[in-house]
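Structure below; questions to follow.
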Amino acid sequence: MYKVLVSACLMGRKVRFDGRAKTSGHPVLERWRAERRLVPHCPEIAGGLAVPRPPAEIADAAGAEAVLDGAAAIVTPEGQDVTAPFVSGARAALETARSQGVRLAVLKDGSPSCGTRSVYDGSFTGEKFVGPGVTSYLLSDSGIPVFTEDEIDAAEAYLKSLEHEEPEEPEIPYWG
Ligand code: SF4
């Protein structure tokens, strides 16, 4: 069965910087949970950050690729550089995805880790720029498509297309 990496906060885990969850409750996610298809993961916790923690944003529009290349930083409102745990968390997410047979991800948009379509712009004013967070970028760049919490129907359609194109191995009967 193909697995789906999902932002832990979308599944009700209180791992966000403010100690809250962002529970989705989408019926497709609930069905995937019942099928044991989901791999909930929080890259920021995996990277060693605590709950609660200061908010953080990618410092400039150079974006996630520049962060992973060491050319841009992720910072708190006080200017503390927290790039290292974010990069470490992104790599942990990729490692988890590969070890669990994950074929796609559903991640919380807007986050400097999990954002996919847009992320906050480093000004801490609520402004965003178009582009992914570091985990989303690394997964996509490694061949794992990422969908936001608003694209779960598209994620389901993609998963169905995968299963249609690549039927899983039939169970080998045990003949004793
Ligand atoms: Fe949710 Fe991702 Fe932020 Fe963790 S890093 S709290 S999973 S959006």
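Can you pull out the residues in segment 1-11 that are of a type outside the set (Phe, Trp, Tyr), touching a strand residue (DSSP E or B) at 6+ places or on another chain (Cβ under 8 Å) and either closer than 21 Å to SER99 by Cα or away from the ligand (no atom under 13 Å from the Cβ) (or both)?
Taking segment 1-11 first, the residues of a type outside the set (Phe, Trp, Tyr) are 1, 3-11.
Then drop every residue that is not touching a strand residue (DSSP E or B) at 6+ places or on another chain (Cβ under 8 Å), which leaves 3-8, 10-11.
Those that are of a type outside the set (Phe, Trp, Tyr), touching a strand residue (DSSP E or B) at 6+ places or on another chain (Cβ under 8 Å) and either closer than 21 Å to SER99 by Cα or away from the ligand (no atom under 13 Å from the Cβ) (or both): LYS3, VAL4, LEU5, VAL6, SER7, ALA8, MET11.
Moving to a separate point now. Does segment 12-53 hold any residues that are within 23 Å of ALA157 (Cβ to Cβ), near the ligand (Cβ under 9 Å from one of its atoms) and in a helix (DSSP H, G or I), and which are they?
Within segment 12-53, none qualify.
For segment 97-141, which residues satisfy the criterion of being assigned to a helix (DSSP H, G or I), under 16 Å from ALA66 (Cβ atoms) and either hydrophobic (A, V, I, L, M, F, W, C) or modelled with pLDDT under 95 (or both)?
Selection gives VAL134, LEU138.
Name the single residue that is nearest to the ligand (Cβ to nearest atom) among those in segment 113-129 being farther than 12 Å from GLY63 by Cβ and charged (D, E, K, R).
Filtering first and then ranking leaves ARG117.
Here's something else I'd like to know. Given the structure, is ARG117 closer than 22 Å to THR23 by Cα and among the basic types (Lys, Arg)?
Numbers: closer than 22 Å to THR23 by Cα: yes; among the basic types (Lys, Arg): yes.
Yes; evaluated as a whole, the condition is true for this residue.
Go through segment 88-112 and give me each residue that's within 17 Å of VAL4 (Cα to Cα), in contact (Cβ under 8 Å) with a residue 40 or more places away in the chain, within 16 Å of the ligand (Cβ to nearest atom) and not aliphatic (A, V, I, L, M).
Correct list: ARG91, THR96, GLN100, LYS108, ASP109.
Another question, if that's okay. Give segment 54-85 a look and list any residue that's modelled with pLDDT under 95 and assigned to a helix (DSSP H, G or I), or say none.
Scanning segment 54-85 gives a single hit, GLY63.
The values are calculated or read from the model by the stated rules, or taken from the named source; none is laboratory data. This one's a predicted model, so the numbers in the text were calculated from it and none came from an experiment. Every residue, glycine as well, gets a Cβ built from its backbone with ideal geometry; the counts of neighbours run over all protein chains shown.
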